[in-house]
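Asks: There's a structure below that I have some questions on.
What follows is calculated from the coordinates using simple rules that are stated; it is not laboratory data. Predicted model, so just to flag it, every value in this text is computed and none were measured. Using ideal geometry, Cβ is built from the backbone for each residue, glycine included, and neighbour counts are taken over all protein chains shown.
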Amino acid sequence: MPDVRDLSDLIAQQRINEARSIVETASLNPAIGVPLSSVTFERTLPAPGKIFCIGVNYGGRNAEYRDSQDAPTKPSVFVRFPSSFTGHGQSLIRPPESPQLDYEGEIVAVIGTGGRRISRSNARRHIAGLTLGNEGTI
């Protein structure tokens, strides 16, 4: 796939299924694959348009904070900037001004097709794929 630089090209060209097929074929035939140890993982999307995050979205999470506040009745929504993301295996740096780094595993939905007021029944059509993230908060 010489004309594909990153996931954003796969989404724009609607070639995710083609890429999936290539990966599945390579996983069954190590001779055509590349050793995972030789791969440097970058961010899933190098320049995403918008990054929305949902915080404290399950019951036990608020108790982990131990800040004596009542659990929120609704999840919080906040944004992240592309420069705050790294690839798998890359360093996550805690600024010296912060006494601790809070971390949380995340399921990330990559939206491939925009829209507005999308019905629940059509929502999955807009998802290009899912990935995993490790969110670090100061």
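Asks: How high is the relative contact order of the chain? Use alpha-carbon pairs under 8 Å, at least six apart in sequence, and give a whole percent.
Replies: 21
Asks: How much length is gained on full extension from His126 to Phe41, taking 0.36 nm per residue of separation minus their Cα-Cα distance?
Replies: That works out to 28.1 nm of additional length.
Asks: Dividing the alpha-carbon Rg of the chain by 2.2 N^0.38 Å yields what?
Replies: So the Cα radius of gyration is 1.27 times the expected 2.2 N^0.38 Å.
Asks: Helix 16-28 versus the longest principal axis of the chain: what is the Cα-based angle in degrees, 0 to 90, to the nearest 10?
Replies: It is inclined by approximately 80 degrees.
Asks: How do the peptides 81-92, 126-137 rank, highest first, by the average count of neighbouring beta carbon atoms within 10 Å per residue?
Replies: 126-137, 81-92
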